[in-house]
1. Spot the failing condition for residue 70; the list is (1) in contact (Cβ under 8 Å) with a residue 24 or more places away in the chain; (2) in contact with a strand residue (DSSP E or B) (Cβ under 6 Å, 6 or more places away or on another chain); (3) assigned to a loop (DSSP other than H, G, I, E, B), and only one is missed.
2. Is at least one residue of the range 94-101 within 24 Å of residue 124 (Cβ to Cβ), within 16 Å of ligand 2 (Cβ to nearest atom) and not assigned by TED's automatic domain parsing to the domain that holds residue 200?
3. Condition test on residue 207, is it more than 16 Å from ligand 1 (Cβ to nearest atom) and crowded, with 18+ Cβ neighbours inside 10 Å?
4. Being touching a helix residue (DSSP H, G or I) at 6+ places or on another chain (Cβ under 8 Å), away from ligand 1 (no atom under 16 Å from the Cβ) and not in a helix (DSSP H, G or I) is true for just one of 264, 238. Which residue is that?
5. Give the residues of the range 283-316 that are touching a helix residue (DSSP H, G or I) at 6+ places or on another chain (Cβ under 6 Å) and not in a helix (DSSP H, G or I), sorted by residue number.
6. Taking residue 32 and the conditions (1) more than 16 Å from ligand 2 (Cβ to nearest atom); (2) more than 20 Å from residue 285 (Cβ to Cβ), which numbered condition does it fall short on, given that it satisfies the others?
7. What tally of residues in the range 6-25 results from selecting those that are more than 15 Å from ligand 2 (Cβ to nearest atom) and surrounded by fewer than 21 Cβ atoms within 10 Å (Cβ to Cβ)?
8. Would you mind finding the one in 168, 173 that is within 16 Å of ligand 1 (Cβ to nearest atom) and either at positive phi or within 21 Å of the chain's Cα centre (by Cα) (or both)?
Ligand SMILES: Nc1ncnc2c1ncn2[C@@H]1O[C@H](COP(=O)(O)OP(=O)(O)OP(=O)(O)O)[C@@H](O)[C@H]1O
Ligand SMILES: [Mg+2]
């Protein structure tokens, strides 16, 4: 029978939609552009992201889920509705789908309600919520149902989540609001402080992706960057090195490493022993920064594995639940 069940990774940076029996069908930045006067939606996703920091006064491009929390309820709801309708090709007469949504483990009751409501108002028959690190662990095929410790680190845009999972349950989890976005902000601040140059968040993200490293590379790399000189008030270009970016990101990396260490300290001994044997899997777009595995390996002494497709792990895991009813019942709420 035709099934339109879907799973959504509602990330602060990117939203992914997995359609049962099809796989990931949508992958868009979690950005919405609104008309400031009418409050009508102008664009959603990639198109809206282009407008961040570039829109005229009549249009406001916002990230409704910034910093790991739902900052704008209504806009988040509209965004979810938009994406659900998009994967269903705006068909109205579909079977009402069951929807699994992966949300940050730190979200409040009110936020959970808002997420549920928006999926329901978009036509969901039933809504199941799963915690992001659980979905990520399932997505990378960790044997989470076994009575054995599995450690997952998910470094997203808004939050870094560290979780220890055994027998389909989260034994320990810690979420900090320091991840990819914070790295971008740290770069903006560094360039401002050191060079009196103001750069936008998008530029900072590009710098991070191009020359950001968590550990010194064999070879030095540099990048030409453009922004506005705060003293002269005019556009200016300068060259930034990987070393400078690493310095800018120092504090962010320390926080991430510290969070992992605290998680390890709090892990019950039997499970800790399992983790020493099996190692740790790292997912999330933030884990794509070069050298992060080396940094984590040095800091913890544990085997660190980077997920094959870190940006898709949560969506794949949530998607798998659509065809595993038993597991769905165990890990969702
Ligand atoms: N090649 C790369 N190098 C470094 N960072 C990257 C790279 N590609 C993507 N990122 C960063 O990954 C982050 C997005 O990751 P991801 O999509 O996993 O986050 P999210 O799931 O939306 O956020 P969260 O899980 O916190 O809600 C962004 O900060 C982005 O800049
Ligand atoms: Mg995520």
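The values are calculated or read from the model by the stated rules, or taken from the named source; none is laboratory data. As the structure is a prediction and not an experimental result, all values here were calculated from the model. Cβ sites come from the backbone with ideal geometry, for glycine too, and all protein chains shown count toward neighbours.
1. With (1) in contact (Cβ under 8 Å) with a residue 24 or more places away in the chain; (2) in contact with a strand residue (DSSP E or B) (Cβ under 6 Å, 6 or more places away or on another chain); (3) assigned to a loop (DSSP other than H, G, I, E, B) applied to residue 70, the lone miss is (2).
2. Checking the range 94-101: at least one residue is within 24 Å of residue 124 (Cβ to Cβ), within 16 Å of ligand 2 (Cβ to nearest atom) and not assigned by TED's automatic domain parsing to the domain that holds residue 200.
3. no
4. Residue meeting the stated conditions: 238.
5. If the condition is that a residue be touching a helix residue (DSSP H, G or I) at 6+ places or on another chain (Cβ under 6 Å) and not in a helix (DSSP H, G or I), then 283, 304, 306, 307, 310, 311 are the ones that fit.
6. Here residue 32 meets the rest and fails (2).
7. The total comes to 6.
8. 173
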